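Since every read-out is calculated from the coordinates, none of them should be taken as a lab result. If you're wondering where the values come from, they're calculated on a predicted model, not measured in any experiment. Here the Cβ positions follow ideal geometry from the backbone for every residue, glycine too, while neighbour counts run over all protein chains shown.
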Amino acid sequence: MYRSLLKPIFFSLDPEKAHHLTFNLISWLHRIPGVGALNRFLYRPKNAESVNLWGLHFPNRIGLAAGFDKDGKLYRELHNYGFGFIEVGTITPKAQPGNPKPRLFRLPADEALINRMGFNNGGVEELVERLKAPRPKGLIIGGNIGKNKVTPNENALEDYRICRKALHPYVDYFVVNVSSPNTPNLRDLQEKEPLKRILNSLKEDDAQEEVSKPILLKIAPDLSDSQLDDIIEIVEETQIAGLIATNTTIDRSNLQTPDSQVEAIGAGGLSGKPVKNRSTEVIRYLKQNSKTDFPIIAVGGVQRKEDYLEKLEAGATLVQVYTGFIYEGPGLVKRLLA
């Protein structure tokens with residue numbers, strides 16, 4: 001029903017307006033008694049393989065990537081669509097509006113999106129209040145953390161520390177986002193020394209907690225092999241829990257969408273089918289060239305079962321979806337795991 005009826009309606013609207021409409025519709029429907037149970041019956045995969053990782057029990061390998069539910073407004077409802085885990089954020093210490101609109105664009109010919117949202121969110125304290133609500137049984141939540149746009153890179157560490165501390169009682173793992181192309185100079189933090197400083201400091205802070213939480217790093221698909229070698233070295237030196245590969249790309253090669261349309265859209269991160277192969281290449285490179293077998297969560301272009309299996313074959317332990325969920329609808333998780 002989604003692909004034949006709802007998707008054409010949503011795709012006739014501005015992408016960001018369609019996103020808000022979708023949220024309102026999901027929220028409204030779940031106020032009707034029995035709808036949550038019906039969705040769990042319809043969309044949760046049967047007999048899916050569970051995974052134990054970092055002391056956490058994932059009911060299946062597929063999660064919802066950060067960016068879809070930045071402010072944690074619908075994580076309980078979205079759990080009903082079969083996700084094994086949900087990642088909220090990217091969240092920053094202070095609320096910020098993000099970049100000027102329009103900032104979200106569809107490329108239907110490529111089954112892709114371009115976004116330059118710019119970490120628009122209500123701030124970490126607002127998210128904390130939502131995460132205090134009772135959590136559905138078995139739901140694993142990740143917290144994706146970033147820095148405010150106005151925070152200079154030399155002070156970025158403090159933003160990450162603030163978010164980690166505030167979210168620590170309410171999430172199961174953390175993701176350090178230094179790879180979004182939509183915050184000026186953010187990707188500079190992927191360089192070896194600033195990144196080691198951030199990760200080591202967060203690990204030290206975590207060590208002071210009564211309960212330790214896994215800390216992961218999300219990397220860009222646009223890194224060179226030598227930069228990926230640095231990432232491997234950083235993971236092994238800092239002993240963080242793993243990587244998420246990959247974020248959106250700034251590459252625009254080999255698109256089906258006309259060049260004039262892509263150029264008119266302008267800057268932003270490209271997600272969906274066009275990033276699938278590069279994401280898999282990065283995962284495979286990391287696995288083949290690392291001395292330690294650290295876990296990788298794959299994300300990038302997962303819309304069909306063969307895409308999902310390809311990520312696992314490359315070496316991923318868990319897989320996330322975002323753009324595929326928009327293009328394929330609420331039955332995606334169940335179809336991927338069928």
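Quick one: work out the % antiparallel among DSSP beta bridges in the chain, nearest 5.
Counting only bridges with both partners in the chain, antiparallel ones make up about 30 percent.
In region 284-329, how does Rg compare with the Kirkwood Rh, expressed as the Rg/Rh ratio over alpha carbon atoms? Show your work: numbers first, answer last.
Details: Rg = 11.6 Å, Rh = 11.2 Å.
Answer for region 284-329: 1.04.
Give the residue list of chymotrypsin sites (Phe, Trp or Tyr not before Pro) in region 113-221 that are DSSP loop and have at most 12 other beta-carbon atoms within 10 angstrom.
Hits after loop and neighbour filter: nothing returned.
Which semi-axes, in whole Å and largest first, does the equivalent ellipsoid of the chain have when worked out from the alpha carbon gyration tensor as the square roots of 5 times its eigenvalues?
On the way: eigenvalues 149, 110, 89 Å².
Its equivalent ellipsoid spans semi-axes of 27, 23, 21 Å.
Let me test this: with uniform point scatterers at the alpha carbons of region 50-167, what is the Debye-based log₁₀ I(q)/I(0) at q = 0.17, 0.21, 0.24 1/Å?
Here log10 of I(q) over I(0) equals -0.93, -1.19, -1.30.
Is there a quick way to get the dipole size of the chain? I mean about its Cα centre, with the Cβ of Lys and Arg at +1 and of Asp and Glu at -1; what is the value in debye to the nearest 20?
Numbers: 44 positive and 41 negative charges, 294 e Å.
Dipole size: approximately 1420 debye.
Pairs of Cα atoms under 8 Å, at least six residues apart: use those to get the relative contact order of region 128-199, whole percent.
Numbers: 65 pairs, mean separation 24.4, N = 72.
Taking the mean separation of contacting Cα pairs over the length of region 128-199, I get 34 percent.
Past the 21 angstrom mark, what percentage of all C-alpha to C-alpha distances in region 49-118 do you count?
Working: 1065 of 2415 pairs.
That fraction is 44 percent.
Could you sort 52-60, 237-245, 83-91 so that the peptide with the highest average Cβ count within 10 Å comes first and the rest follow in order?
On the way: 52-60: 15.7, 237-245: 21.3, 83-91: 27.1.
Descending mean neighbour count gives 83-91, 237-245, 52-60.
If you take the square roots of the eigenvalues of the alpha-carbon gyration tensor of region 143-245 and sort them as a ≥ b ≥ c, do you get rounded (a/c under 1.5), prolate (a/b over b/c) or oblate?
Working: a/c = 1.75, a/b = 1.25, b/c = 1.40.
Because a/c hits 1.5 or more and a/b fails to exceed b/c, region 143-245 counts as oblate.
Quick one: among Leu74, Leu255, Leu127, which has the greatest mean-square fluctuation in a GNM of the chain with alpha-carbon springs under 10 angstrom?
Leu255
Name the most mobile residue of Arg187, Arg31, Arg76, meaning the one with the largest mean-square fluctuation, in a Gaussian network model of the chain with Cα contacts below 10 Å.
Fluctuation is largest for Arg31.
Can you work out the base-10 log of I(q)/I(0) for region 203-253 at q = 0.13, 0.20, 0.32 1/Å, using the Debye formula on its C-alpha atoms alone?
So the normalised log intensities are -0.40, -0.76, -1.23.
From the helices alone, meaning DSSP H stretches of at least four residues, give me the mean residue ellipticity at 222 nm for the chain, per-run term -39500 (n - 2.57), in deg cm²/dmol to the nearest 500.
On the way: 13 runs with 124 residues, N = 338.
Dividing the helical sum by the residues of the chain leaves -10500 deg cm²/dmol.
Kirkwood hydrodynamic radius (Cα pairs, Å) of region 1-57?
Working: mean 1/r = 0.0712 Å⁻¹.
So the Kirkwood estimate lands at 14.1 Å.
Take the Cα pairs of region 177-307, get the Kirkwood Rh, then feed it into Stokes-Einstein at 20 °C and 1.002 mPa s and tell me D in µm²/s. It would help to have the intermediate numbers written out before the result.
On the way: Rh = 15.9 Å.
Answer, rounded: 135 µm²/s.
Compute from the Cα atoms of region 10-105 the Rg and the Dmax, the latter being the longest Cα-Cα distance, and quote both in angstrom.
15.5, 44
Who wins for biggest fluctuation among Lys291, Lys73, Lys147 in a Gaussian network model of the chain, springs between alpha carbons below 10 Å?
Among Lys291, Lys73, Lys147, the largest GNM mean-square fluctuation belongs to Lys291.
Quick one: Debye curve from the C-alpha atoms of region 117-176, no solvent, what's log10 I(q)/I(0) at q = 0.18 Å⁻¹?
-0.66
Semi-axes of the equivalent ellipsoid of region 35-82: what are they in whole Å, largest first, if each equals the square root of 5 times a C-alpha gyration tensor eigenvalue? Display every interim value, and only then the final one.
On the way: eigenvalues 71, 59, 13 Å².
Its equivalent ellipsoid spans semi-axes of 19, 17, 8 Å.
Take every Cα pair under 8 Å in the chain that's 6+ residues apart, average their separations, divide by the length, and report that relative contact order as a whole percent. Could the numbers behind the result be given before it?
Numbers: 633 pairs, mean separation 60.5, N = 338.
Computed value for the chain: 18 percent relative contact order.
Send over the semi-axes of region 242-338's equivalent ellipsoid, whole angstrom and largest first, taken as the square roots of 5 times the C-alpha gyration tensor eigenvalues. The partial results should precede the final answer.
On the way: eigenvalues 119, 65, 20 Å².
Sorted largest first and rounded, they come to 24, 18, 10 Å.
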